[in-house]
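So the structure is just underneath, and the comments pick up after that.
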Amino acid sequence: MKSEFIKKIYIDLLSIYKNDIILFFTLMVILEVLTIFTFSHIVSYFIKDLNNNKNYNKMTWIFFGCLLIIYIIKNFYNYIQYKIIVRLREDIKIYLSNVLLKSLNKKYINDNYLEYYSPMIKLAYKLYVIIHHLCTYYVPYFVLLIIFIGYLSYYSPMCALILGLSSLYIFISVKIKIPEIIEKSINYEKDSNDLDYELLESYGNIDKIINRNTEYLHQKKFDLAEEKTIESGRLYYDTANFFTNNMLFILNISIFLVIIYLFNKKEHKLLILLVPLLLLYKGKAEASIDRFMDTIEVFGKLIFLGSKWDKHLINIDLSKEGGKNIKDLKFNKVKFKNIDFTYNNKKIFNKFNLELDLSSNKIIGIFGKSGTGKSTLMKLLIKNYICSGGNIYIDNVNIKELKNNELRQNILYINQNLKLFDKNVKYNLLYGCNHNDCDNFYDNLKDDRIIQNLFQNEDFQKIRAGSLGENLSGGQNQMINILNGLINKSKILILDEPTRNLDYNLKRHLKELIIKYKNNHKNIIIITHDNDYDDIFDESINL
């Protein structure tokens with residue numbers, strides 16, 4: 001399983017952190033070269049000139065001078081490293097949110113987007129862990145390996161060959177074995193997510209489970225999902241652990257062979273010279289190999305989580321969007337020409353044609369049986385959906401040539417399913433309102449007797465909607481969204497089934513409010529089954 005989304009994130013992150021990464025690698029190379037120089041040459045000079053006090057004192061100062069330089073570079077290196085790492089997690093969360101918003105702006109996908117929050121947090125953390133491991137373990141080890149083998153090639157080509165061949169064997173083994181280990185990690189994450197989903201679904205319907213006395217059914221599901229997760233986890237850890245132990249064995253054998261070779265060749269001075277470096281190399285190699293299992297587990301989970309986001313990039317080119325200036329349009333006419341559209345394998349429109357004359361300030365009613373495509377037609381107009389055939393024109397300009405965000409600033413679409421922010425009523429009423437009359441409209445609504453009765457005369461600044469609007473009734477939620485649409489100025493306001501869930505008095509009062517705020521919009525389109533609104537329609541269309 002591959003995730004195009006993960007590839008894109010890595011490419012984008014490389015461009016964002018390019019300068020920091022270049023500086024990071026430069027400091028790393030300098031640090032490793034200085035470390036090898038300090039712990040090899042200077043130590044060898046100490047041994048060589050042990051009885052020469054003058055040289056001994058000189059080398060002591062050089063040794064401590066090198067340690068001081070290493071200390072300074074190491075601190076600066078760590079600063080750059082943690083500058084990248086500390087920013088990374090938050091940057092990734094914002095990056096993921098922006099990609100989701102931009103892709104939805106380009107092509108709307110029907111999903112429960114609250115389901116993306118947990119994967120987004122997990123994805124951000126796992127990307128952070130992978131990059132942390134790269135910066136802290138794998139890249140420093142690889143840089144040290146190259147420098148160390150180059151250094152050994154000068155003093156002992158055979159030792160360099162032994163370490164080089166063992167390292168090559170480890171890299172080839174990783175290349176061959178890693179797809180299998182990642183696949184098992186992905187299966188483990190999938191089963192773990194299925195278990196999480198079963199638990200979350202049950203928590204979300206806890207009242208139904210208790211009232212129906214079906215706890216035993218859900219417990220059985222939990223047990224089966226748990227067994228499957230444990231088994232896939234065991235398979236992953238067994239495979240990864242066996243492979244990790246093999247790599248550690250090869251590493252230690254190669255170091256042991258180097259020591260035996262130098263000892264047999266009676267290269268005692270070289271052996272003493274290389275011991276600190278071999279210990280340094282062994283420490284970094286073992287740290288990298290020990291982290292391998294954790295890294296692969298995280299990487300497998302990363303791919304699994306990233307696959308959920310792939311649909312927001314596949315066939316969506318975020319860089320291409322119409323560039324026609326929408327300010328040049330007067331919104332006098334909307335034309336649907338030869339529209340074809342299929343939804344969930346059901347043909348909604350086949351060569352559909354409709355022309356709306358919007359040259360004067362109108363309220364237009366759109367009627368039709370359920371499933372005839374009334375709402376779908378309006379979602380095609382604001383590019384929530386994309387028609388498979390035909391074109392839509394505003395003032396003879398194809399909407400494909402218009403930027404999505406500008407189009408939706410001029411055409412407001414309000415339906416009964418819109419969620420509210422977990423803020424107070426005032427915030428939700430004025431959301432997106434950016435003209436001079438916003439506060440006046442709010443004051444009028446706040447003092448409206450029927451609206452006050454709907455909210456039981458409570459202060460709009462104290463009532464919070466709740467995370468999904470659960471603190472408010474269905475009618476309160478719906479009225480807030482409709483009123484928000486009425487007070488936000490636009491060329492076209494589309495109200496989709498505005499009277500559903502409203503009692504008779506609210507329906508009648510809403511009609512008065514639509515007329516009152518009519519001039520905020522050049523035209524209002526109302527999708528409805530309610531004949532009580534016939535008297536305010538300047539034009540009626542039956543689909």
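Taken over the stretch 213-233, residues that are closer than 13 Å to Asp194 by Cβ and outside any helix (DSSP H, G or I) amount to 0. Check Ile170, Ile162, Ile176, Ile210 and return the single one that is modelled with pLDDT of 85 or more, surrounded by fewer than 18 Cβ atoms within 10 Å (Cβ to Cβ), among the hydrophobic types (A, V, I, L, M, F, W, C) and in a helix (DSSP H, G or I). Going through Ile170, Ile162, Ile176, Ile210 in turn, just one is modelled with pLDDT of 85 or more, surrounded by fewer than 18 Cβ atoms within 10 Å (Cβ to Cβ), among the hydrophobic types (A, V, I, L, M, F, W, C) and in a helix (DSSP H, G or I): Ile176. Taking Gly469 as meeting all but one of (1) under 18 Å from Lys423 (Cα atoms); (2) modelled with pLDDT of 90 or more, write down the number of the exception. Unmet condition: (2).
The condition (being in contact with a Leu (Cβ under 9 Å, 6 or more places away or on another chain), of a type in the set (A, V, I, L, M) and under 17 Å from Lys379 (Cβ atoms)) is satisfied by just one residue among Leu510, Leu493: Leu493. Scanning the stretch 422-448 for residues that are touching a helix residue (DSSP H, G or I) at 6+ places or on another chain (Cβ under 6 Å) and within 17 Å of Gly475 (Cα to Cα) turns up Asn428, Leu429, Leu445. Considering only residues in the stretch 361-389 that are in contact with an Asp or Glu (Cβ under 8 Å, 6 or more places away or on another chain), at pLDDT below 90 and small (Gly, Ala, Ser), the one that is surrounded by the most Cβ atoms within 10 Å (Cβ to Cβ) turns out to be Ser375. When you check Phe242 against the structure, is it in the same structural domain as Ile130 (by TED's automatic domain parsing), farther than 25 Å from Ile131 by Cα and within 42 Å of the chain's Cα centre (by Cα), yes or no? It is false that Phe242 is in the same structural domain as Ile130 (by TED's automatic domain parsing), farther than 25 Å from Ile131 by Cα and within 42 Å of the chain's Cα centre (by Cα).
Can we say Leu280 is surrounded by 15 or more Cβ atoms within 10 Å (Cβ to Cβ), at pLDDT below 85 and in contact with a helix residue (DSSP H, G or I) (Cβ under 6 Å, 6 or more places away or on another chain)?
Criteria not met by Leu280.
The values are calculated or read from the model by the stated rules, or taken from the named source; none is laboratory data. Just so it is clear, the structure is predicted and the values come from calculations on it, not from any experiment. Backbone-built Cβ (ideal geometry, glycine too); neighbour counts: all protein chains shown.
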